[in-house]
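The values are calculated or read from the model by the stated rules, or taken from the named source; none is laboratory data. Owing to the predicted nature of the structure, the values given are computational and were not obtained by experimental measurement. Cβ atoms come from the backbone with ideal geometry, glycine included; neighbour counts cover every protein chain shown.
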Amino acid sequence: MELVRREDPQLREVVWFAGRCRALTLLLQAVFNLLIPDHAADAFSPPRLSEPSPWDVLVEWLLGGLSHWDAEHFLFIAEHGYLYEHNCAFLPLYPLSLWAVARGALWPLQRLLRLRSRLLLSAVLLNSLFSALAAAALYELGRVVLRRRRVAFLAALLFSLSPANVFMAAAYSESMFAFLAFGAMWQLEKGQSWLSGLLFSLASGARANGLINAGFFLYSQGKRFALQLQVGSGSLRKLPLLWKQVLSLASSAVLMSAGIFLPFALFQYYAYLRFCGPGTGLDQTIPEPLLQLARDKGYHPAAMDGSKPPWCSQRVPVVYSYIQDTYWNVGFLRYFELRQIPNFLLALPVTLLVSWAAWTYISTNPWHCLTLGLGRSKSEEEGKPRDGFCCPAAFVYVVHATALLAFGFFCMHVQVLTRFLGSSSPILYWFSAHLLQEHEPLLWSAGTDNPPPGRSVLGKSPGSCGKGTPDNPVVRLLLNWRLITPLSKGILGFFLCYWLLGLLLHCNFLPWT
């Protein structure tokens, strides 16, 4: 891929740092999982249908911490399909990918490992690949949008220490979604609309919040049209040409948006046929242990007794929203209860960071925000637009992150905000890198972007000017922890604490984000 073949030492460092962080993640989760007994959580835990071999036991010892909580759903779907109604809350692209790797690339291991072990191994391999590619895509996206190479580099390195790290490593779809979303954003910035549309479409087949990414296409087309109106002063007099441009841009936007919605819509149709279709007789194909689990837990298997779930009778039968509402009580302000205060506190750091990012951008660019970024500023007209986090091109990403934050805070289980934003928006990493670069003297070295005016160049690292691997600013800050500013300690402390606590708690069936 172009993403990893480029001769860019910073890009190589991003990929290598992501790989080292992933290796450390796997090592620590194995240690935590072996030393700390699992909590007896009331979570989805289907019975195993075959006896494990010694190799299966070894895989479970080494990687079992990555198969907890929702990871059980993804592994179960990859092994058995959508047997239970509530499995349909998990979209199919990631389970299908696990199934393909386990049945394909890992097929030679079938004599040693049962299918579930191969699926878990597939999850580790795929997530390691996707997380490295996501970091690389974030770096390239930052270079194009922010036009500050050092900030983009620092943001991509922070992604490898993401507070949502455990979900990037476990059998969850976050790593896949982050790669597809960041890659699609990057391609759209490069003008590769069709490739971007394909990646956004795949992303909506991995996670439902991928649907909101259609807004990037709509905004891109709207901005292109506004630019044409501002540049071509005589266009308003040529109404036929104007209408032709309007129809062309509108049809392109509608077509791309439809492509993004298509995977989600097809899956809803599949679920309707599976759970609402007459007499499918699927009860004959469900193994007895899984049927017994359904009886014990009150799960609803596909077409068990011919009765149809309530959502089948809705005007628009969407199983996803029904499951979120019925099984997990997801809805506007439903989570605002006194007993949920600990979860709101858990989501407080990412909420404050993204809110601070939005306020910083709005207060720096009030007119740009009022005009929805469709008007051209004087600096843009002169060919010298502002760069960095507050640049005009970052507007749509700030709006996207703010919309996700508002929806997640008011309508979802608030503790998932950390991984929700960490795998969907570059703003968390861009703004954190922006704060570090602006306020940390140890980063104002000759190897960085220009330091803020009036500030001295300090803290140059010994390896920052040599050939080969570039200086890693995150490692430099961590090695000089006592010397860095309180703000830097706060940002890095948040990333590192959530990175480590996530492994410790999640891998032992303890509640986390």
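Might you check whether a residue that is in a helix (DSSP H, G or I) and hydroxyl-bearing (Ser, Thr, Tyr) occurs anywhere in region 164-174? No: zero hits. The residues of region 84-104 that are crowded, with 19+ Cβ neighbours inside 10 Å and under 18 Å from the mean Cα position of the chain (by Cα), listed by number, are PHE90, LEU91, PRO92, LEU93, TYR94, PRO95, SER97, LEU98. Out of all the residues in region 249-261, is one or more in contact with a Phe, Trp or Tyr (Cβ under 7 Å, 6 or more places away or on another chain) and more than 20 Å from ARG207 (Cβ to Cβ)? Yes, some residue in region 249-261 is in contact with a Phe, Trp or Tyr (Cβ under 7 Å, 6 or more places away or on another chain) and more than 20 Å from ARG207 (Cβ to Cβ). Listed by first and then second residue, the pairs linking a residue in region 476-491 that is over 15 Å from LEU352 (Cβ atoms) to a residue that is in a helix (DSSP H, G or I) and among the hydroxyl-bearing types (Ser, Thr, Tyr), with Cβ atoms under 8 Å apart and 6 or more places separating them unless they lie on different chains, are LEU477/SER488. Taken over region 104-140, residues that are modelled with pLDDT of 95 or more and either of a type in the set (Lys, Arg) or touching a His at 6+ places or on another chain (Cβ under 6 Å) (or both) amount to 3.
Residue-by-condition table, conditions (1) outside the structural domain of ALA78 (by TED's automatic domain parsing); (2) under 25 Å from the mean Cα position of the chain (by Cα); (3) surrounded by 14 or more Cβ atoms within 10 Å (Cβ to Cβ); (4) modelled with pLDDT under 90:
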{"residue": "ALA170", "(1), (2), (3), (4)": "no, yes, yes, no"}
{"residue": "ALA181", "(1), (2), (3), (4)": "no, yes, yes, no"}
{"residue": "ILE212", "(1), (2), (3), (4)": "no, yes, yes, no"}
{"residue": "GLY215", "(1), (2), (3), (4)": "no, yes, yes, no"}
{"residue": "PRO240", "(1), (2), (3), (4)": "no, no, no, yes"}
{"residue": "ALA253", "(1), (2), (3), (4)": "no, yes, yes, yes"}
{"residue": "PHE261", "(1), (2), (3), (4)": "no, yes, yes, no"}
{"residue": "PRO278", "(1), (2), (3), (4)": "yes, no, no, yes"}
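Going by what's in this entry, would SER196 be described as in a helix (DSSP H, G or I), of a type in the set (S, T, N, Q) and either under 20 Å from TRP99 (Cβ atoms) or touching a strand residue (DSSP E or B) at 6+ places or on another chain (Cβ under 9 Å) (or both)? Judged against the criteria, SER196 is not a match. Regarding ALA171, is this residue in contact (Cβ under 8 Å) with a residue 24 or more places away in the chain and not basic (Lys, Arg)? For ALA171, the condition - in contact (Cβ under 8 Å) with a residue 24 or more places away in the chain and not basic (Lys, Arg) - is met. Taking first residues from region 334-352 that are closer than 8 Å to VAL414 by Cα and partners that are part of a helix (DSSP H, G or I) and small (Gly, Ala, Ser), the Cβ contacts under 9 Å between residues at least 6 apart in sequence or on separate chains come to ALA347/GLY408. Residue pairs whose Cβ atoms lie under 9 Å apart, separated by 6 or more positions or on different chains, with the first residue in region 135-149 and outside the structural domain of TRP430 (by TED's automatic domain parsing) and the second surrounded by fewer than 24 Cβ atoms within 10 Å (Cβ to Cβ), do not occur. For region 102-134, filtered to residues that are in contact (Cβ under 8 Å) with a residue 24 or more places away in the chain, assigned to a loop (DSSP other than H, G, I, E, B) and among the hydrophobic types (A, V, I, L, M, F, W, C), the residue that is nearest to SER175 (Cα to Cα) is LEU113.
Take PRO462 and tell me if it is closer than 17 Å to GLY142 by Cβ and at pLDDT below 95. Against the criterion (closer than 17 Å to GLY142 by Cβ and at pLDDT below 95), PRO462 does not qualify.
Scanning region 309-345 for residues being surrounded by 14 or more Cβ atoms within 10 Å (Cβ to Cβ) and of a type in the set (Lys, Arg) gives a total of 1.
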